[in-house]
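The values are calculated or read from the model by the stated rules, or taken from the named source; none is laboratory data. From a predicted model like this one, the values you see are computed outputs, not experimental measurements. Glycine gets a Cβ as well: all are built from the backbone with ideal geometry, and neighbour counts include every protein chain shown. What goes into the accessible areas is simple: the full protein's heavy atoms, side chains included, and nothing from ligands, DNA or RNA. Shrake-Rupley method; radii C 1.70, N 1.55, O 1.52, S 1.80 Å.
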Amino acid sequence: MTAGEAIGQARALRPGCEMTEERMRSWLRRQDGEIRARLLPERGAEELAQAGADLAGEGELTDSTVLLVPFPFDGMYPHYLCAMMDAALGENERYAGEMTRCNALLGEFAAWLRREHRPPARRVIW
């Protein structure tokens, strides 16, 4: 999914919301940065190393920038953006529902990463 697609889907889910494009792009940068820092192994996920909103500098995140989380887990991005919009507007119940959806997809992505990119076997001495 690209940044433009995520923002477009979030805007469709929250029509009339007055959030700026730059605010939404900063949320995408932060989300991809957190995912990279917490979930990506140092080795073994080369196909993900070049993607991500966090790699784009301030003002360089365009609509065509490919986000870090691949299909079929990339549906988390519109839910994340909606949750951030809801939090900014004080819509706590809507925020909680969107974050639940987002975190479920993020958990599935983390499980997929663990299955597909196992760390190298190390010898353990007891």
Original post:
For the chain, what is the relative contact order in percent, using Cα pairs closer than 8 Å and at least 6 residues apart in sequence?
Top reply: 31 percent
Original post:
How much mean residue ellipticity at 222 nm does the chain get from its helices, if each DSSP H run of length 4 or more adds -39500 (n - 2.57) and you divide by all residues, to the nearest 500 deg cm²/dmol?
Top reply: -18500 deg cm²/dmol
Original post:
How would you rank 72-78, 109-115, 88-94, 32-38, highest first, on the average number of other Cβ atoms within 10 Å across their residues?
Top reply: 72-78, 32-38, 109-115, 88-94
Subject >> Accessible surface, per residue, of the chain when the full set of protein chains is kept, probe 1.4 Å, Å² >> reply: 61 Å²
**OP:** Calculate how steeply helix 76-88 sits against the longest principal axis of the alpha-carbon atoms of the chain, using the helix alpha-carbon long axis, and give the answer as 0 to 90 degrees to the nearest 10.
**Re:** 50 degrees
Subject >> Alpha-carbon centroid distance for the pair region 65-103 / region 1-33, whole angstrom >> reply: 9 Å
Subject >> Calculated P(r) tail over 18 Å for the chain, as whole % of Cα pairs >> reply: 53 percent
Original post:
If you stretched the chain out fully between Ala37 and Leu89, how much longer would it get, using 0.36 nm times the residue separation minus the C-alpha to C-alpha distance?
Top reply: 15.9 nm
**OP:** For region 61-119, state the semi-axes of the equivalent ellipsoid (square roots of 5 times the eigenvalues of the alpha-carbon gyration tensor), sorted largest first and rounded to whole angstrom.
**Re:** 24, 16, 7
